[in-house]
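J.: Dumping the structure here so I can ask a few things about it.
Each value in this text was obtained by applying a stated rule to the coordinates, not by laboratory testing. Small disclaimer: the values here were computed from a predicted structure and weren't measured. Glycine gets a Cβ as well: all are built from the backbone with ideal geometry, and neighbour counts include every protein chain shown.
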Amino acid sequence: MPSISRLPTAKPDFVLERALIQRGLWPAAGVDEAGRGPLAGPVAAAAVILNPGNLPPGLDDSKKLSPARRDALYEEIFARALAVSVSLAPAGEIDLLNIRAASLLAMRRALAGLAVEPVHALIDGNAVPPGLVCGAQAIIRGDARSLSIAAASIIAKVTRDRAMLRLDREYPLYGFARHFGYPTAAHRSALAAHGPCPFHRASFAPVRAALTRS
């Protein structure tokens, strides 16, 4: 028997979606977000309805993929999916609502923005956003279990990373192209040296501390 460390890593599949098809709950969308932890930039949410007859090969949790692979799958998902929608909750909205509420709101917007009306949604995490346009269920570690959620995780991650690259060109002092707003030592050092930019999340403790010093 192989050791635990050598056991193959589980990949997301289409089992949950096929069960929904059999129950008549189709179209069904996978929904995920990216960017809850950073000190700057938006949180991004995506909703994806895959085509059961034209699934993009190689879908996986976005965190397990290289940037180049995510970019390639981003294009594949848009080319093959029945519908894709993305929503951003900016830093100001995060500060107003809190990061959890802003993430759930971005998920709700993404789902509502689909060009194909969903009958059901598979939501990554342990909470279903309120006020959805359809029925839904929360799937813990859904991006590692459901191909639809994995696809949404890729769309959300690539969308957010590209937004941070644009911010890096506007505010090069912070190094957003390297850390994408996450609280790395380099980012904290830049915050201490230059203070926050307008796209930092003022409600997050390190940013709030930098504001009091400036």
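J.: Hey, can you rank 190-196, 178-184, 41-47, 127-133 by average C-beta count inside 10 Å, highest first?
T.: Those peptides, ordered most packed to least, come out 41-47, 178-184, 190-196, 127-133.
J.: Here's a follow-up. If you take the charge dipole of the range 28-175 about its Cα centre, with +1 on Lys and Arg Cβ and -1 on Asp and Glu Cβ, which of L165, I77, G37 is farthest toward its positive end?
T.: G37
J.: Based on Cα positions only, what radius of gyration and what Dmax would you give for the range 66-160, in angstroms?
T.: Answer for the range 66-160, Rg first and Dmax second: 13.2, 37 Å.
J.: Using Cα centres only, tell me the gap between the range 148-214 and the range 94-119 in whole Å.
T.: One Cα centre to the other: 21 Å.
J.: Here's another thing I want to ask about it. Can you list residues whose amide H is under 5 Å from D13's amide H, if they're 5+ apart or on another chain and H is modeled 1.01 Å from N?
T.: For D13, whose amide H was placed from the backbone, the distant partners under 5 Å are S146, L147.
J.: Kirkwood hydrodynamic radius of the chain from all distinct Cα pairs, in Å?
T.: Working: mean 1/r = 0.0560 Å⁻¹.
Across the chain, the inverse of the average 1/r is 17.8 Å.
J.: If amide H atoms are built 1.01 Å from N in the plane of the peptide, which residues on other chains or at least 5 residues away come under 5 Å of the amide H of V43?
T.: Residues meeting the amide H criterion: A89.
J.: Could you list the residues of the range 123-166 with an amide nitrogen less than 17 Å from a label point located 7 Å from the Cα of A186 in the Cα-to-C-beta direction?
T.: 161-162, 164-166
J.: Provide S85, S146, S189 in ascending order of the number of other Cβ atoms located within 10 Å of each residue's Cβ, fewest first. Intermediate values should be presented prior to the final figure.
T.: Working: S85 22, S146 28, S189 12.
By the 10 Å Cβ count, ascending: S189, S85, S146.
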